[in-house]
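Following: one structure in structure tokens, then a few remarks.
Every number in this text was worked out from the coordinates using simple rules, so none of it is lab data. No experiment lies behind these values; they were computed from the predicted model shown. FYI the Cβ positions are ideal-geometry reconstructions off the backbone, even for glycines, and counts take in every protein chain you see.
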Amino acid sequence: MNFKKLLAASVVLTTSLTAAAFAGGAIDVHSHVIPADYLASLQKHNALLDEGFPLPKWDVSAHLKWMDEAQVQTSILTLAAPQPYFGDANESASIIRKVNEVGTSLKKQYPGRFIYCAALPLPDVKKSIAEAAYALDTLKADCIKLATNVKGQYLGAPELDPLFAYLNKKHAVVILHPHRPEPVNKDVMKQTPLAMQEYLSETTRAVTNMISRNVLARYPNVKVVVPHCGAYLPLALPRMKSLIPVMQQNKLIGNIDWEKNLASLYYDLAGAHSAETIRMMLTITTPDHLLYGSDYPYVAPKVLTASIERLKAYLKKEADLAPYYDMILEGNARALFGDKATSGK
């Protein structure tokens, strides 16, 4: 992977964009919207605890209040887990459409404060392509949210290639989020909540699945934001590379275009970020691919405010990271999403 070339290109793109829409604060690429209709659909199907823990309360006023307190200018809204699919593809598509319309209305109502990341009614691929077209072309959504898996349909699966082909055509940005693995050992969920460990495994599994089939290399116009500090990827990718000769000798895997696959991956810092974590992430990516993320409203506002202040403090203090302060807090997101994303149009 030519890190220097990627970094130089990103710096040029970042400086060429107008900063007005983002002026005055950070850009949060990892926050969630939890609309009332979505909650009602989960309650109807007794699915409120499908992820093993209750969904937090969310309302736009509280979200904006926290953003102001934490000096976050713009937040990207993505649908929370679980995926509202209960065996009826038409019902799922209807729920997702309502969610996307709510997200779009929030973006229009509060221009410059929210970017909307549209959900899709997977596992139905045809309906998901149709919803992606409607969301991107009619609702003017700024990106697409994909779960690591929906009812066992994992990212990287061949049946998802038509969806990625469409997203590639649209030059879409995709934001990943882990969901409950399928199948799942519910006893394990009780012992260790998903968010503490399995979510990291889910993210790693989905990304390595895509890499093993060269999904991101074959659809290079799709840019993918990986959540939670890259999950286990800083450990998993070197191991994966080291085992490639053995796997190929046994005809278990083909050639992997590492440079093209990794070039499409960006990483948010939601979760347990630290200077040490960032340095570890820089073993698999470049500074221009790191993005600030909060995970609002899953973490208490006071904790999130302290977290971003801690991020700012060590980015200023650590000499090797200080040059990336503005890039991580806003510049990289501006380069990835563009000022158009916060115009509210």
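Some points to look at:
- For segment 246-276 versus segment 83-153, the gap between their alpha-carbon centres in whole angstrom: 26 Å
- Positive end of the dipole of the chain (Cβ unit charges, origin at the Cα centre): among V72, Y166, A147, the Cα lying farthest that way belongs to Y166.
- Test item: Cα-centred dipole of the chain, Lys/Arg +1 and Asp/Glu -1 on Cβ, debye: 460 debye
- Taken over the Cα atoms of segment 225-337, the convex hull encloses 113 Å³ per residue.
- Distance cut-off 18 Å, percentage of C-alpha pairs in segment 20-155 lying past it: 54 percent
- Considering all C-alpha pairs of segment 141-199, those separated by over 20 Å amount to 36%.
- Placing unit charges on the Cβ atoms of the charged side chains and taking the dipole of the chain about its Cα centre, the candidate lying farthest along the positive direction among M196, V226, G271 is V226.
- For the chain, no complete DSSP H run has alpha carbons reaching 18 Å or more along its own long axis together with a mean Kyte-Doolittle score of 1.6 or higher.
- Dimensions (Å) - the chain, Cα atoms, principal axes, largest first: 56, 53, 42
- Basic side chains Lys and Arg get +1 at the Cβ, acidic Asp and Glu get -1 at the Cβ, and with that the dipole of segment 112-160 about its Cα centre reaches some 140 debye.
- Label-point gap, in nm, between Q248 and A300 - each point 7 angstrom along Cα→Cβ: 5.2 nm
- For segment 119-229, the equivalent ellipsoid built from the Cα gyration tensor has semi-axes of 25, 15, 13 Å, listed from largest to smallest.
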